[in-house]
Amino acid sequence: MVTRSDSRMAGLDPRRLLRPGGPLYPTDTPRTVDVATQEQPEPGPGRLTIQVRLRGETVIWSDLMYPGPDGRPIEEIRFRLEQYLSEVERTYAVLKDGL
């Protein structure tokens, strides 16, 4: 997603983004999350953000703008809450133990 959105960006540390209760954990109140910062051609003030919110049993990432497989822009992605939380927790555990 980061590379497709803006190739000048570098993703932020996944351990910070995925930590328990961290920025990518969904809440009923939408929040804007920085997921990358500008690295090319040199570090700068640019940021790539998404909005994360919970609606019922669905996690929604919005304010996206990257090309999908057919070239049309993807502006929103939806995840089932149970699967989303399981994957975030699993990935965080792997990162924490492996790095």
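Could you please give the count of residues in segment 1-18 that are surrounded by fewer than 17 Cβ atoms within 10 Å (Cβ to Cβ), outside any helix (DSSP H, G or I) and at pLDDT 65 or above?
Qualifying residue count for the region: 3.
Does any residue in segment 46-74 that is in contact (Cβ under 8 Å) with a residue 60 or more places away in the chain come within less than 7 Å, Cβ to Cβ, of a residue that is buried (at least 16 other Cβ atoms within 10 Å of the Cβ) and not in a loop (DSSP other than H, G, I, E, B) six or more places away or on a different chain, and which pairs are these?
Leu64/Ile50; Leu64/Ile74; Met65/Ser5; Tyr66/Ser5; Tyr66/Ile74
Can you find even one residue in segment 47-54 that is part of a loop (DSSP other than H, G, I, E, B) and either surrounded by 14 or more Cβ atoms within 10 Å (Cβ to Cβ) or modelled with pLDDT of 90 or more (or both)?
No, there is no match, as no residue in segment 47-54 is part of a loop (DSSP other than H, G, I, E, B) and either surrounded by 14 or more Cβ atoms within 10 Å (Cβ to Cβ) or modelled with pLDDT of 90 or more (or both).
The values are calculated or read from the model by the stated rules, or taken from the named source; none is laboratory data. Nothing here was measured: the structure is a model prediction, and the numbers come from that model. Methodologically, a virtual Cβ is constructed for each residue, glycine included, from the backbone with ideal geometry; neighbour enumeration extends over all protein chains shown.
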